[in-house]
Amino acid sequence: MPWGRVAGDESGSGAQVAEAGWYPDPQDAGAEAYWDGVQWTGHRRPVAYSAAPQPYYGTQQPITQPYHLYATQWPPAPAPPRRRHRRLLLAAAVAVIVAAGGVTTWLAWPGRSRPTLTYHGTRIAKADADADATLSKADAAFATDTRSRHGVTGPDTKCYFAQPTGKGASTDVDDSLFCGPVVFVDGDARHEYVTLPLTNTGSATRPVLTAAAPDPSASSVAPPAGERLIRPDGHTAPKGNGGLTVPTPPAAKRDVITTATTVGGTQPKGLSDARMVGHGAGLQITSAGYVPRYGKGDDARSAPAGERLLAFQFSDLDGEVDKYDAASPTLQVSGEPGTRDIPTADPDEWVVAAIPTGSTATVQLTDSGLTQTLSLPGGRPGPHNLAVLARENRVTTISRTFTVPLRFTYQGSSNVVATKAVATSAYLEYWAPDEPAQHASGAGRALLSVGLTYSDPGQPGTKYAFETGLLRLELPDGTTVRARNVSADDEYLENVFDVPADLTTATVQIIGTATHDGVQTTVTHAASFSFTFPDG
């Protein structure tokens, strides 16, 4: 050991001192104190910590104390802060390693042993590594599938082997892993596990198990009866479902419009007369209302933030003139600049639209340049709707036969014929039959056509139409409406009456005189008949 002058010794005596190190503590025979080369520090340790003997230098005796302080006392110096700091960091590092060790900690911890796992009587190859690898891959696939299905999990949600319990039970694992607990939308909180079938991708003598990918269409199951759920890493499954509850559906995308087979909450109200019909197509809304959710299971969705879900059902109707076109309705939402196309849906499917809270919506049908609307959810018709075509009962049977005497006068000659008149039925329409260019005078009006002809007994088998000028229609309020001919061919008669769209009862009168092509026809004895349309 090198020697030097004592610090602060100005006597020139050349007193020698020891280098820094551990030396016997003069105050405690069973301890050592640390000399830093200048002074004593406050650090002590038991003598047992010193594994090496004190060294000899030449022929001198072992150095046991610094020379000039042999029998003195010293004030203890404060402990070096960096040394304590390093020990704290070391403790923190150990804690991190223990927390992150997972499987390693389980394997190395004294007093714990991994369970014996066999498959069809044969121990799983490299049980520690292969079983862990099987579960690790299954855990990852199961977690991905659960997130995509919006399932709810807990801190103990993992994949587990299932092994029989009871006296003399086999160590064989089940042919499926049980992954959970997990609860999905519309699931059963008592069926909290998803099974993943296992396949031996090794051999009969060296089994290596691989789990199948999760099947979203498979039903969840309860924990297996008479078996325990285990993992080689010692993680245990909780009792029951670990306190999980069935989750509510995730929110749909904003402004979505889609179809669904089911809707949740109170079922929307049925509508009986919410229909609109155009020239080539029509539709009827049969049910409509606001719902909290739609769909089921993984496909279920709830209302987006700030919006509510409007659900309705509709069916196609024939147009009044063209009978085979399908309706192409759109949805108009207040505050939106355009419209949303309504997807095609079967009558028993729901169309669901997310609309801003406080907004209103209407279903629109544009046909032949005319746009009609029905408000939702009430089904109230818009101001331009063809009211008569919204009626369900627009045809009535008359079945009347009666005599109408007519005098025909031509170039000074006249003849009276007791014609046989037949009234078969009456129709309410918007567009004239066979004359689609002709229609009622307004959206709240209708064209009434009557199946009315006469024949001459002297010429049986030939039917004629009454001249337009001979026909009047008397309404219940006493108003009289004259007929008009809407035929594009002057040689034919297509007589109609322009009437209110809600007409239910009327009386046709055959009366007066009319002239066509020089022939004057006069009703010598007026005739009339009445008819009624059913309500609705």
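When only residues in region 132-190 that are in a loop (DSSP other than H, G, I, E, B) and among the β-branched types (V, I, T) count, which is surrounded by the most Cβ atoms within 10 Å (Cβ to Cβ)? The qualifying residue surrounded by the most Cβ atoms within 10 Å (Cβ to Cβ) is V173. With respect to A390, determine if the residue is over 28 Å from A426 (Cβ atoms) and either surrounded by 14 or more Cβ atoms within 10 Å (Cβ to Cβ) or β-branched (V, I, T) (or both). It is false that A390 is over 28 Å from A426 (Cβ atoms) and either surrounded by 14 or more Cβ atoms within 10 Å (Cβ to Cβ) or β-branched (V, I, T) (or both). The condition (being closer than 20 Å to G154 by Cβ and aliphatic (A, V, I, L, M)) is satisfied by just one residue among I230, I257: I230. Going through (1) of a type outside the set (D, E, K, R); (2) assigned by TED's automatic domain parsing to the domain that holds T134; (3) at positive phi one by one, A218 falls short only on (3).
Restricting region 509-532 to residues that are within 12 Å of F466 (Cα to Cα) and of a type in the set (V, I, T), the residue that is modelled with the lowest pLDDT is T515. If you go through region 221-239 one residue at a time, do you hit one that is closer than 23 Å to G297 by Cβ, in a loop (DSSP other than H, G, I, E, B), within 25 Å of the chain's Cα centre (by Cα) and in contact (Cβ under 8 Å) with a residue 40 or more places away in the chain? Taking every residue of region 221-239 in turn, none turns out to be closer than 23 Å to G297 by Cβ, in a loop (DSSP other than H, G, I, E, B), within 25 Å of the chain's Cα centre (by Cα) and in contact (Cβ under 8 Å) with a residue 40 or more places away in the chain.
Applying the set (1) in contact with a strand residue (DSSP E or B) (Cβ under 9 Å, 6 or more places away or on another chain); (2) within 25 Å of G297 (Cβ to Cβ) to T199 leaves exactly one unmet item: (2).
For region 291-341, taking the residues that are charged (D, E, K, R) and in a loop (DSSP other than H, G, I, E, B), the one that is nearest to the chain's Cα centre (by Cα) is identified as K296. Right, G369: surrounded by fewer than 14 Cβ atoms within 10 Å (Cβ to Cβ), at pLDDT below 95 and outside the structural domain of L503 (by TED's automatic domain parsing) or not? Yes; evaluated as a whole, the condition is true for this residue. Within region 442-478, the set of residues being among the small types (G, A, S) and under 19 Å from T504 (Cβ atoms) comprises G442, A443, G444, A446, S449, G451, G478. Scanning region 251-280 for residues that are modelled with pLDDT under 95, small (G, A, S) and either farther than 13 Å from F314 by Cα or not assigned by TED's automatic domain parsing to the domain that holds L376 (or both) turns up G264, G265, G278, G280. When residues in region 282-332 are screened for being within 18 Å of S359 (Cβ to Cβ) and free of Cβ contacts under 8 Å to residues at least 40 places away in the same chain, 2 of them pass. Of all residues in region 162-179, those that are touching a residue at least 60 places away in the same chain (Cβ under 8 Å) have Cβ atoms under 8 Å from Cβ atoms of residues that are of a type in the set (S, T, N, Q) and assigned to a strand (DSSP E or B), 6 or more apart or on another chain, in A162/S176.
Is it the case, given these coordinates, that D434 is touching a strand residue (DSSP E or B) at 6+ places or on another chain (Cβ under 7 Å), acidic (D, E) and modelled with pLDDT under 95? Against the criterion (touching a strand residue (DSSP E or B) at 6+ places or on another chain (Cβ under 7 Å), acidic (D, E) and modelled with pLDDT under 95), D434 does not qualify.
For region 342-379, a residue qualifies if it is farther than 29 Å from A300 by Cα, assigned to a loop (DSSP other than H, G, I, E, B) and free of Cβ contacts under 8 Å to residues at least 24 places away in the same chain, and exactly one does: G369.
Looking at region 121-131, can you tell me whether even one residue there is in a helix (DSSP H, G or I), within 30 Å of A204 (Cβ to Cβ) and modelled with pLDDT of 80 or more? The answer is yes; a qualifying residue exists.
The values are calculated or read from the model by the stated rules, or taken from the named source; none is laboratory data. Everything quoted here is computed from the prediction, not taken from an experiment. All Cβ positions, even for glycine, are placed from backbone atoms using ideal geometry, and neighbour counts span all protein chains on display.
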